[in-house]
Amino acid sequence: MSAIQMPQGTVILFADDSHVARLLIEKSLSAMNVNFISVKNGKEAWERLGGIHMEAAGCGKKASDTVAIVLTDLEMPEMDGFTLTRNIKQDARFAGIPVIVYSSLTGSASEGHADAVGADAYVAKFDADVLAETLRPLLMRANRD
């Protein structure tokens, strides 16, 4: 798996409640030479995004200057990936941050719901090559912005 070029100073924020899944995602992102922040559920991701926004705003920047992509599982305690995605997409503080749903729930119903809440892409777990090929164009778009 080849490295992915990210905008300088940015990270991928990902949320997954499964320890094993987080390890696999971390391994995949590390193999892509990507900086990341890992959290255990949607609520932690939402709170982390809020903190990133506050820090960025204090420097005259936007959250999207730090977070290149949010990668989220769907089924998580405290806040699921659908709610996280909807919250991100409806909040002007996070405009321009793509959200990729990365889930073991496959099928048109889950994909349709992810699309309805504004997800930019839907990737089935655990195909690291498909994940890389989904991340690449979104990161290239972020590099141009």
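In summary, the lysines within cross-link reach of Lys89, defined as a Cα separation below 21 angstrom excluding same-chain residues under 8 places away, comprise Lys40, Lys43, Lys61, Lys62.
Reported to the nearest whole Å, the Cα centre-to-centre distance from the range 63-133 to the range 19-40 is 15. Each residue of the range 120-128 was assigned a 3J(HN,Hα) from its phi angle through the Karplus expression (A = 6.51, B = -1.76, C = 1.60, θ = phi - 60°), giving 7, 7, 10, 10, 6, 5, 10, 8, 4 Hz with x at Gly and Pro.
Surface composition of the chain: carbon plus sulfur atoms contribute 49% of the solvent-accessible area (1.4 Å probe, protein chains only, all chains present).
Spin-label model, Ser104 to Arg136: label points 7 Å out along the Cα-to-beta-carbon direction sit 2.8 nm apart. Site pair Cys59 and Phe126 shows an inter-label distance of 3.4 nm when each label is modelled 7 Å from Cα along Cα→Cβ. Taking 0.36 nm per residue of sequence separation and removing the Cα-Cα distance, the Glu26/Ala95 pair yields an extension gain of 22.3 nm. Simple rule: put +1 on each Lys or Arg Cβ and -1 on each Asp or Glu Cβ in the range 1-74, find the dipole, and look at Met32, Gly42, Leu74; the Cα lying farthest toward the positive end is Met32. What does the C-alpha gyration tensor say about the overall shape of the chain? Classify as rounded when a/c is under 1.5, otherwise prolate if a/b is larger than b/c, or oblate. Since a/c stays below 1.5, the shape of the chain is classed as rounded. A 1.4 Å probe run over the chain, with the rest of the protein chains in place, finds 50 Å² accessible per residue.
Let me check something: with ligands and nucleic acids excluded, how do Ile37, Ile4 order by accessible area (1.4 Å probe), largest to smallest?
Working: Ile37 35, Ile4 10 Å².
Greatest to least solvent exposure: Ile37, Ile4.
The values are calculated or read from the model by the stated rules, or taken from the named source; none is laboratory data. Worth saying up front: this structure is predicted, and the values here are computed from it rather than measured. In this analysis, Cβ positions are derived from the backbone assuming ideal geometry, glycine residues included, and neighbour counts consider all displayed protein chains. For accessibility, only protein heavy atoms count, side chains too; no ligands or nucleic acids. Shrake-Rupley method; radii C 1.70, N 1.55, O 1.52, S 1.80 Å.
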